[in-house]
Amino acid sequence: MSVSLPTEARVVVIGTGAFGLSVTAHLARTGVQGVLALDRFACASQTSLRAAGLFKLVQADELRTRLAGLAIEIVRSFERDMGVAVPYVASGSLLVARTERHARLIEREVAAVRQWGVEVEPLSSVEAARLAPYLEAGEIRSAAYIPGDIYIEEPSSLLTSCRLAAERFGAQILEHVPVTGIVVAEGAVRAVETPYGRIRTEHVVDAAGAWVRAVARLAGSDLAVMPVRHQLAITEPLPGTSPKQPIVRILDAAVYVRPCRGGLMWGGFEADPLPVDLEPSGDTFSMDQLPLDFRVLEDLAEAVRGTVPALRDAPIQEHRGGLFTMTPDGRFLVGPAPGVRGLWVLSGCNGSGFSFSPALGRILAEWIVAGTAPIDLSAFAPDRFARPLDEATLREAAVYQYTHYYEPVD
């Protein structure tokens, strides 16, 4: 294979998932010349392509709530600002509780996010089922409607739009070009190595998804990240389902459901998830080799059978899965990597990376260009963990964050 590789770049982005393509597009839009994105696989072919496409305004803290709002705003204005449309569905969403404990959680979250500017409307079970006819009201104890939430039907559409925007503004995106080394001198990035030659650069963005830790180690850094499998399924078309019906999140079962391709998509956060250590696979692992287990989705469907009965025996048109990059505290990794000047990190999706990528990509791009972050992202600092975690502790913490994605803290 012959690759025409530049010998120099202002910024090299490693990874072309949602994070990588977003920061690439926003860097190029700011006028940075010489933005280069590299991927060892085909562009946008790994976890981001397998996302659920859900955008959620109700978050656990004010920072993430405001970032979620910014991400939705960027998607809505993408055609105006970037010259390429992103198809999305303004469906709104429902938070549903079937236990008293989770009803209290919804009450607390509604009170908090209203202070942060999010429109939320408490609903009765009957009103919730009227908005989302695929719901049965009987088991619902309480619900809240968030009209500002959206979803992207096919994740590939956001990825394609980001790529087109990046190239429109002059960025170069090269597929099937693995980064085999990062040259560091006097504590700073100097170049990246590939099988096709060296590229001089002073800025590298590690947005390599499940491979983010391996890339950081090329520069002598390390990150507290553990990939954990996540799965979802899409039914065949079902009578009465329409795209504008809201996303539903059933908190006590840790299950989400939304309209998709005339049917329903569902997924959830299983109680016994599968962490995946990529190191033994070396450079050979790709997402199409991830072992999937449909029994997990059957169990999740059974857990909500009385609330979303259509899922139980519906014929399936697609079952897919990818890897979430989980961190010990459930927060993103955004900013300078530990110990290496010029190495930046955009990772730690913790189940929400696709939907936050428009906002975090823009903010990191502005940070790289200006030298200071436009907002305080110290809560996401990649070096925030006081000491390196051993592998067993990291795995345990990552699994905990995954299994407690919807869990109330009380």
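Nearest 0.05, what FRET efficiency do Ala111 and Lys244 give at R0 = 35 Å with Cβ-Cβ as r?
The pair Ala111/Lys244 has a calculated efficiency of 0.80.
In the neighborhood of Ala165, defined by Cβ-to-Cβ distances under 10 Å, what is the net charge if each Lys or Arg adds +1 and each Asp or Glu adds -1?
Summing Lys/Arg as +1 and Asp/Glu as -1 gives 0.
Find how many whole Å separate the alpha carbon centroid of the range 56-90 from the alpha carbon centroid of the range 338-372.
16
Can you give me the angle between helix 100-115 and the longest principal axis of the chain, using Cα atoms only, in degrees from 0 to 90, rounded to the nearest 10?
The angle comes out at about 60 degrees.
For Glu154 and Glu127, compute 0.36 nm times the residue count separating them, minus their Cα-Cα distance, and round to one decimal in nm.
Taking Glu154 through Glu127 to full extension adds about 6.9 nm, to one decimal.
Given an 8 Å cut-off on Cα distances and at least 6 residues of separation, report the relative contact order of the range 210-339 as a percent.
On the way: 197 pairs, mean separation 48.0, N = 130.
Taking the mean separation of contacting Cα pairs over the length of the range 210-339, I get 37 percent.
Using Cβ contacts closer than 10 Å as the measure, can you line up Asp293, Asp206, Asp390 from fewest to most?
Working: Asp293 14, Asp206 32, Asp390 9.
Taking fewest neighbouring Cβ atoms as first place, the list is Asp390, Asp293, Asp206.
Against the longest alpha carbon principal axis of the chain, how many degrees, from 0 to 90 and to the nearest 10, is the axis of helix 62-76 turned?
The angle comes out at about 80 degrees.
With the crude spin-label approximation of a point 7 Å out along Cα→Cβ, what separation in nm comes out for Ala42 versus Thr393?
The modelled label-to-label distance comes out at 4.2 nm.
Counting GluC sites (Glu not before Pro) as exposed when in a DSSP loop with at most 13 other beta carbons within 10 Å, what is the longest stretch of the chain free of them?
Details: sites that count: Glu119, Glu186.
So the longest stretch without any such site is 187-410.
Using a Förster radius of 22 Å, what is the FRET efficiency between Glu8 and Arg217 based on their Cβ-Cβ separation? Nearest 0.05, please.
Approximately 0.35, to the nearest 0.05.
Values quoted throughout were computed directly from the atomic coordinates according to the rules given, and no laboratory measurement underlies them. Being a predicted model, the structure only gives us computed values, none of them experimental. All Cβ positions, glycine included, derive from the backbone under ideal geometry; neighbour counts span all protein chains shown.
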